Amino acid sequence: LRAAAPEVVHVQFNLPSLGGAWAWAAIAAATARRRLGSRVLVTLHEVRRDLGLLGPVGRLLLGSIGRASDGLVVYTEEARDLLVERCGVPAARITVMAHGAPSALGEVAPAHRPRGPLADEAPIVSFGYLHPDKGIEHLLDAVAELRRRSPAALGDRKVVVAGGVRARRGLFRGFERKDRAYAEGLERRARALGLDDVVTFCGH
């Protein structure tokens with residue numbers, strides 16, 4: 001950090017991913033802020049889940065992170081409201097940056113277009129770690145319902161579930177087992193809904 005003298009330090013905070021290493025990340029960020037004058041920006045990925053699982057400890061932890069950083073990024077207005085109402089983080093310090101990607105595949109040069117299961121004209125893509133919070137089962141149900149009600153609306157589009165189960169360590173291995181059971185359940189659900197010809201699970 002001293003050699004790089006960064007203007008901004010960006011910390012991706014996801015407790016199950018970081019495990020005990022979150023403490024080292026916090027020390028590094030605080031050191032950069034105090035000694036180098038770096039601004040510290042933190043992205044909080046799972047505000048609702050962390051508060052639900054950790055209760056008062058979660059409120060203390062996320063509130064401390066919010067007050068010790070120069071800015072927070074969250075993905076939903078719900079997450080911002082939880083930080084303000086339950087953790088005492090000033091709303092002015094929080095930026096809501098919604099997840100999502102523009103529909104711009106048609107503008108990409110042919111040499112750079114996706115290949116493999118993403119090469120369809122307009123695939124429906126779920127991208128990210130496989131985790132119950134993602135709600136991928138609802139996507140499968142919706143595709144099955146759309147196919148039943150209006151097959152022409154779906155056309156030849158494929159559904160690509162691109163992602164795998166996040167590897168966990170230590171106390172969080174139970175989370176990994178739960179995620180693996182969820183991923184296996186998704187594949188069983190797709191088969192039960194008769195979506196074998198529509199849905200591709202292509203892994204990470």
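The values are calculated or read from the model by the stated rules, or taken from the named source; none is laboratory data. Predicted model only: the values in this text are computed from it and were never measured. Glycine gets a Cβ as well: all are built from the backbone with ideal geometry, and neighbour counts include every protein chain shown. Remember, those area values only see protein heavy atoms, side chains included, never the ligands or the DNA or RNA. Shrake-Rupley method; radii C 1.70, N 1.55, O 1.52, S 1.80 Å.
Worth pointing out:
- Qualifying position, being of a type outside the set (D, E, K, R), more than 17 Å from the chain's Cα centre (by Cα) and either at pLDDT below 55 or closer than 30 Å to residue 197 by Cβ (or both), among 114, 90: 114
- For segment 147-157, residues that are open to solvent by less than 70 Å² (accessible area, probe 1.4 Å) and touching a helix residue (DSSP H, G or I) at 6+ places or on another chain (Cβ under 7 Å) total 2.
So that you can scan it fast, the table gives a plain yes or no per residue for (1) assigned to a helix (DSSP H, G or I); (2) under 15 Å from residue 89 (Cβ atoms):
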site: 3; (1), (2): no, no
site: 27; (1), (2): yes, no
site: 34; (1), (2): yes, no
site: 40; (1), (2): no, yes
site: 53; (1), (2): yes, no
site: 61; (1), (2): yes, yes
site: 66; (1), (2): yes, yes
site: 72; (1), (2): no, yes
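- Residues that are out of contact with any helix residue (DSSP H, G or I) (no Cβ under 7 Å at 6 or more places or on another chain), part of a loop (DSSP other than H, G, I, E, B) and surrounded by fewer than 17 Cβ atoms within 10 Å (Cβ to Cβ) within segment 158-172 comprise 164, 169, listed in sequence order.
- Qualifying residues in segment 1-35 (those that are surrounded by 15 or more Cβ atoms within 10 Å (Cβ to Cβ) and of a type in the set (S, T, N, Q)) - the one modelled with the highest pLDDT: 14
- Check on residue 147, within 27 Å of residue 79 (Cα to Cα) and part of a helix (DSSP H, G or I): no
- Matching option when the condition is of a type in the set (Ser, Thr, Tyr), modelled with pLDDT under 95 and either touching a strand residue (DSSP E or B) at 6+ places or on another chain (Cβ under 7 Å) or at positive phi (or both), among 103, 38: 38
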